[in-house]
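Right, one structure below, let's go through it.
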Amino acid sequence: MAAASDEFQARIDREERIEPQDWMPEGYRRTLVRQISQHAHSEVIGMQPEGGWISRAPSLERKVILLAKVQDEGGHGLYLYGAAETLGVSRDELIDAMHTGKAKYSSIFNYPALTWADVGAIGWLVDSAAIVNQVPLQRCSYGPYARAMMRICKEESFHQRQGYDIMLALARGSAAQREMAQDALNRWWWPTLMMFGPSDADSIHSSQSFAWKIKRYGNDELRQKFIDQAVPQAEVLGLKIPDDDLQWDAATGHYRIGAIDWDEFQQVVSGNGPCSRQRLAHHRQVQEDGAWVREAVAVHAAKHRAGSDGPKAAARNSDTAQEGRADAAV
Amino acid sequence: MSLLPAVVALGDDALVLGQRLSEWCGKAPLLEEEMAMANTALDFLGRARLYYGYANTLGGRDEDGYTFHRDAREYTNLLLFELPGADFAAATARQFLVDAFDELHSAELANSADATLADIGAKVHKEATYHRCHSAAWMVRLGDGTDESRRRMQQALEDVWGYRQELFVNAPAEQPLVEQGILPDRAELRAAWQEAVATTLAEATLTVPAASWAVKGGRQGIHTEHLGVMLAELQHLSRSHPGAKW
């Protein structure tokens, strides 16, 4: 076993991609299931705050763009559940783990989307932060995850632009619209900074993930990269970042920020965010409301297994389809 | 002279069902179906934009004028399109009846004497054929699924059945356009629609409802109470900021 483990690490060190059929340490598999499923859940739960504004979007064009964007997020969820399934867990198990609180999703989606400007702020800030986090994951050592991230990153950059475009229209609009934009920035700035997670010194998962090349940059490093991008973007919008301690540090070439409220972060991560209960309750309710549909799909497929119709649910339990799904996700 | 209201009416049909479908975002029973419903919603909203865009060139308002700045009484969509469809059985039954109609209607519209409508018809026909395949497959899966799913689907069909009649009526404003070969004759689509629906329902082990009830009024702006509530949500932000650009 030690030999297998050494060989595994040697492959990682040579920057080889690990594929589903390859031997891997149990801890590597567990870490990936945790991270990929958390990422998948974040995409799906993340549909809620923005999805709530599709029906109220202020123009037909914005409505269509937002719907397409939220649809993309569901698609990201699908790729990622598919990638997680290559590690031998089912989507149903992963969703159960979220419902019971064993699996997390990004803390950012536990904040409420109160105005149309929040849709812009989420696209601009949250999707920017996601891109900064996810670009390095395209080089993650686990092949299916890395390949899922390549597709996701392409789409996220469109999402980021649509968010910024909403903010730009508001910033150039009426006094009420500018106020809406500033208010959204005030509320989303700090939670976005928390998305990168605690300081590396306090992060419990970091060091082994570095060795396995699941993770390539530290939380603080990625957070700084985001800040350095976002501050000038806020200036273009004519909006003020809600941090009186924010200043340019010429010596390091970076913006320095004030103190992050990590107590708030811990509260939200522990399931006590403003919308934590609402988000999970909604997801559970949708699962319950759709149970009769999924059951009917499975029964219909079983009745017609010899035929060619009723693909999805029959597929769910069959090994060949698991492989098919995995391929589709990579 | 009646082309403009006829085009707006087709836009209204597409808009209100696009809005209904988009309400499913984040609520579908499977993540795969989440994608599919959003696609269908985008197709319907895209259609609304095509029709409203054409209406604009005919001297009408722009797409947001039609969407956000008319009250329910000014909307002329057929009632079938505005029904809530708030559970998956109701949404699926309504969608199937609409898709089966749209597939036939758009095939005829593609031959319109009006070049713009013919172009829109050709585009819609491609989408509608695919939508009908998708919704018919759901009718079969749920009709011929569990006892519960068959019961739910049969009930949903019964509940929506009386709204089908409007599909086959040419409104007074539309009649001259039918005679000029600009719009399809809706009355002539009925037999083919009934056959297509009966075929799918048979495969789904569902029964064609016997009920003869019929509700009408959409083209005259006499709607269900649901439309006003939908428009309140759809329009409030735009109307709260008169003249704002988004």
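Residues that are within 26 Å of B:Glu174 (Cβ to Cβ) and either at pLDDT below 95 or within 13 Å of another protein chain (Cβ to nearest Cβ) (or both) within segment B:217-234 comprise B:Met230, B:Leu231, B:Leu234, listed in sequence order. Across segment A:209-251, the qualifying residues are those that are among the small types (Gly, Ala, Ser) and open to solvent by 40 Å² or more (accessible area, probe 1.4 Å), and the one among them that is nearest to A:Phe196 (Cα to Cα) is A:Ala211. Against the numbered list (1) at pLDDT 95 or above; (2) of a type in the set (Gly, Ala, Ser); (3) within 20 Å of B:His134 (Cα to Cα), B:Ala86 comes up short only at (1).
With respect to B:Ala191, is the statement that it is open to solvent by 40 Å² or more (accessible area, probe 1.4 Å), away from chain A (no Cβ under 14 Å), assigned to a helix (DSSP H, G or I) and free of Cβ contacts under 8 Å to residues at least 24 places away in the same chain true?
Yes, satisfied.
Of A:Glu295, A:Glu264, A:Glu288, all but one fail to be out of contact with any helix residue (DSSP H, G or I) (no Cβ under 7 Å at 6 or more places or on another chain), in a helix (DSSP H, G or I) and facing chain B (nearest Cβ under 8 Å); the exception is A:Glu295. Looking across segment A:57-72 at every residue that is open to solvent by 10 Å² or more (accessible area, probe 1.4 Å) and touching an Asp or Glu at 6+ places or on another chain (Cβ under 6 Å), the one that is farthest from the other protein chains (Cβ to nearest Cβ) is identified as A:Asp72.
Please identify the pairs in which a residue from segment B:231-243 that is small (Gly, Ala, Ser) has its Cβ atom under 7 Å from the Cβ atom of a residue that is at pLDDT 95 or above and open to solvent by 80 Å² or more (accessible area, probe 1.4 Å), counting only partners at least 6 apart or on another chain. Between residues of segment B:231-243 that are small (Gly, Ala, Ser) and residues that are at pLDDT 95 or above and open to solvent by 80 Å² or more (accessible area, probe 1.4 Å), there is no close pair.
Where residues in segment A:13-53 are of a type in the set (Asp, Glu) and part of a helix (DSSP H, G or I), which of them is farthest from B:Glu233 (Cα to Cα)? Step by step, filter segment A:13-53, then rank; the result is A:Asp13.
The condition of being in a helix (DSSP H, G or I), at the interface with chain A (Cβ under 10 Å from one of its Cβ atoms) and touching a helix residue (DSSP H, G or I) at 6+ places or on another chain (Cβ under 6 Å) holds for only one of B:Ala28, B:Ala38, B:Ala55, that being B:Ala38. For segment B:164-188, name all the residues that are open to solvent by 10 Å² or more (accessible area, probe 1.4 Å), aliphatic (A, V, I, L, M) and within 15 Å of B:Ala107 (Cβ to Cβ). B:Leu183 - this is the single residue of segment B:164-188 that is open to solvent by 10 Å² or more (accessible area, probe 1.4 Å), aliphatic (A, V, I, L, M) and within 15 Å of B:Ala107 (Cβ to Cβ). Residue count for segment A:73-89, restricted to those that are free of Cβ contacts under 8 Å to residues at least 60 places away in the same chain and more than 10 Å from every other protein chain (Cβ to nearest Cβ): 3.
Among the residues of segment A:91-126, those that are more than 28 Å from A:Ser174 (Cα to Cα), in contact (Cβ under 8 Å) with a residue 24 or more places away in the chain and in a loop (DSSP other than H, G, I, E, B) comprise A:Gly101, A:Ala103, A:Lys104, A:Tyr105, A:Ser106.
Of all helices (runs of 4 or more DSSP H) completely enclosed by segment B:74-178, which ones contain at least 2 residues that are away from chain A (no Cβ under 14 Å) and without any contact (Cβ under 8 Å) to a residue 40 or more places away in the chain? Answer list for segment B:74-178: B:88-109, B:115-143. The one condition from (1) open to solvent by 40 Å² or more (accessible area, probe 1.4 Å); (2) facing another protein chain (nearest Cβ under 10 Å); (3) without any contact (Cβ under 8 Å) to a residue 60 or more places away in the chain that B:Asp64 does not meet is (3).
The values are calculated or read from the model by the stated rules, or taken from the named source; none is laboratory data. Model, not experiment: these values are computed from the prediction. Cβ coordinates were reconstructed from backbone atoms using ideal geometry, including for glycine residues, and neighbour counts include every protein chain displayed. Heavy atoms of the whole protein, side chains included, go into the accessibility calculation; ligands, DNA and RNA do not. Shrake-Rupley method; radii C 1.70, N 1.55, O 1.52, S 1.80 Å.
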